Amino acid sequence: MDHNTNVGGRFMLYIGIDLGTSAVKLLLMDSEGNIRNIVSREYPLYFPHPGWSEQKPEDWYEQTMEGIRELLKDADKSQVAGISFGGQMHGLVILDEKDQVIRPAILWNDGRTTEECDYLNNVIGKEKLSEYTANISFTGFTAPKILWVKKNEPENFARIKKIMLPKDYIAYRLTGVHCTDVSDASGMLLFDVKNRCWSKEMCEICGVREEQLATCYESYEKVGCVLPEVADELGIPANVVVAAGAGDKGGPARDFLRANGGGGGAGDNAAAAVGTGTVGDNMCNISLGTSGTIFISSNHFGVDQHNALHSFAHADGHYHLMGCMLSAASCNKWWMDEIIGTKDYAAEQAQIEKLGENHVYFLPYLMGERSPHNDPNARGTFIGMTMDTTRADMTQAVLEGVAFALRDSLEVAKSLGIHLERTKICGGGAKSPLWKKMIANILNLKVDVIESEEGPAMGGAMLAAVACGEYASVEEIAEKFVKVTGTVEPDPELVAKYEDRYQKFRQIYPACRPLFEIIK
């Protein structure tokens, strides 16, 4: 089939599947980037022990198929050309020799692997892990889950024929191909990110053979076509292309922290970055959701000396760095809802007048912190209050504290020679004009607001269009589809004021760190 825009004067259609922790979100997009339909289907989450988190891969597939049927009910199914994915990262799916699921998937927000992480980080050693994979171990990652199964369920470990990630199980059921993509594989701690291949050393450490791992593709590459029986069931053409897709966020950071007290997994990753146009060299996106991320795409591989940022392969064929803070917009929600008891966020922010002059500081570590401190014991902290401190000063400190913490991760990226002039912004917190202004001036970046925030599902549909040859590259489709609707420019005078404030802020955490050890 010719997948150009006008096949007999018709648009082709592309399906993006975002496999989340609580639901699968499906999006139908046409060749011009118009969203034709969006549906969502929920499935259960199981907590068999405190701190554990599991799901049944069969539930994902069943609800995905139901979702596709619903998505296409009013569409011309013959126009469907491609399918691809975003999806929760790090989850462990294991199949036996008959490709049957051996046990429920252990999810990204599962906290059972503390001992395995300690072993990897302290016995194998962080330096070696970073050399092999460009990352260190977190409880959310896949490799420690494999070690846990090996130790605690040896009979299941012995039956493993294939190790997969959540979205890749859906791709397998659609195509019969055991596949993954470079961005999702990067979060397993089994992948040599720099060389975009499986790490022989990490396979040996985890006791797995490379043939037990899926074939790794670039995110925009075709892995196969839908199986004839799947095409018949859905009423779509048998030659619909399935692309590898990209890894993405697992879900709200608070769910994750409840499970494991500060390990890895939340944040906006490669699929959402495609959807926001954060592809190509020196592009940036800040997400102010429950958790906060700063995501920087780069044509060049880089890893910082302390592994303060994740260094992953990107869906555009290159690389990205990501700093993830565990509490971002959730800090403001906590302050407004729980402490001062109001839902009128705008009215509270309207009282904030003097930017860059606040004498109160706030460390936004309400659930420990990931980037750049990797410290589960860190806690939220106000400092600098006096008798003339006002409620508005405290609110301002919360908003500024989140922006200062994002700046911490930006400084790590700068140390690797990355130079940014602007960033996109998305997430619930980005709806605040004041917060955007703070971020523009604290980070000294132009802040671009984009038209659509469909994120991972849109990113998946865009990757499908590239796999079908509709667009030549991920950069090309992102440039066409992602539209900037406004920009917040930094003000040089305010930038200078905030620079002075930031230099003070960055000294507070090191001074408090010994106390966090005591009061945990």
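The values are calculated or read from the model by the stated rules, or taken from the named source; none is laboratory data. Note that this is a predicted model, so its numbers are computed, not measured. Because the Cβ atoms are built from the backbone with ideal geometry, glycine has one as well, and the counts that use them run over all protein chains shown. Side chains included, ligands, DNA and RNA excluded: accessible areas come from the protein's heavy atoms. Shrake-Rupley method; radii C 1.70, N 1.55, O 1.52, S 1.80 Å.
List of remarks:
- Flagged links, alpha-carbon separation over 23 Å, of Lys145/Lys167; Lys333/Lys437; Lys56/Lys161; Lys25/Lys161; Lys414/Lys504; Lys431/Lys504: Lys25/Lys161; Lys431/Lys504
- Note on the chain: with neighbouring protein chains present and a 1.4 Å probe, carbon and sulfur make up 49 percent of its accessible heavy-atom surface.
- Taking amide H as placed 1.01 Å from N in the peptide plane, Asp192 has its amide H under 5 Å from the amide H of Cys197, Trp198, Ser199, each at least 5 places away in sequence or on another chain.
- Whether the range 455-520 is rounded, prolate or oblate, judged on the alpha carbon gyration tensor where a/c under 1.5 counts as rounded: oblate
- Share, in percent, of DSSP beta bridges within the range 363-520 that are antiparallel, nearest 5: 55
- The separation of the range 471-520 from the range 343-419, counted between C-alpha centres, amounts to 11 Å.
- Charge dipole (debye, nearest 20) of the chain; +1 at Cβ of Lys and Arg, -1 at Cβ of Asp and Glu: 780
- List Val412, Val24, ordered by accessible area with a 1.4 Å probe, largest first: Val412, Val24
- Tensor-based shape of the range 33-79 (alpha-carbon gyration tensor, a/c under 1.5 rounded, otherwise prolate or oblate): prolate
- Of all DSSP beta bridges in the chain, antiparallel share, percent nearest 5: 70
- Summing charges over all other residues whose Cβ lies under 10 Å from the Cβ of Asp192, with Lys and Arg as +1 and Asp and Glu as -1, gives +1.
- For Lys151, the solvent-accessible surface with a 1.4 Å probe is about 130 Å², rounded to the nearest 10.
- Each residue of the range 18-31 was assigned a 3J(HN,Hα) from its phi angle through the Karplus expression (A = 6.51, B = -1.76, C = 1.60, θ = phi - 60°), giving 9, 8, x, 7, 10, 7, 9, 10, 10, 10, 10, 10, 9, 4 Hz with x at Gly and Pro.
- In Hz, Karplus ³J(HN,Hα) per residue of the range 97-114 (6.51, -1.76, 1.60; θ = phi - 60°; x = Gly, Pro): 5, 9, 6, 8, 5, 7, 8, x, 5, 8, 8, 4, 9, 9, x, 7, 9, 4
- Pairs of alpha carbons in the range 129-182 whose separation is greater than 15 Å (percent): 61
- If you bin all the Cα-Cα distances of the range 260-375 at 10 Å, starting from zero, the percentages per bin are 13, 35, 30, 18, 3.
- Rounded to whole Hz, the Karplus (6.51, -1.76, 1.60) HN-Hα couplings of the range 330-338, x for glycine and proline: 5, 5, 5, 4, 4, 5, 5, 6, 8
- For the range 363-436, the dipole from Cβ point charges (+1 on Lys and Arg, -1 on Asp and Glu) about the Cα centre works out to 340 debye, to the nearest 20.
- Label zone at Glu451 (point 7 Å along Cα-to-Cβ), backbone N below 14 Å, the range 30-49: 30-36
- Here's how it looks for Val242: its modeled amide H is under 5 Å from those of Ile83, Val223, Gly224, Cys225, Val226, which are all 5 or more places away or on a different chain.
- Average accessible surface area per residue within the range 336-486, 1.4 Å rolling probe, Å²: 39
- Net charge of Cβ neighbours under 13 Å - reference Asn358; Lys, Arg +1; Asp, Glu -1: -1
- Heavy-atom accessible area order for Trp52, Trp60, Trp198, largest first, 1.4 Å probe: Trp52, Trp198, Trp60
- The listed residues Thr386, Thr290, Thr423, once ranked by accessible area (1.4 Å probe) with the largest placed first, stand as Thr386, Thr290, Thr423.
- DSSP beta bridge pairing in the range 29-170, given as percent antiparallel to the nearest 5: 100
- A simple count of charges around Thr175, restricted to other residues whose Cβ falls under 11 Å of its Cβ and scoring Lys, Arg +1 and Asp, Glu -1, yields +1.
- Three-way shape call for the range 412-468 based on the alpha-carbon gyration tensor, with the a/c threshold at 1.5: oblate
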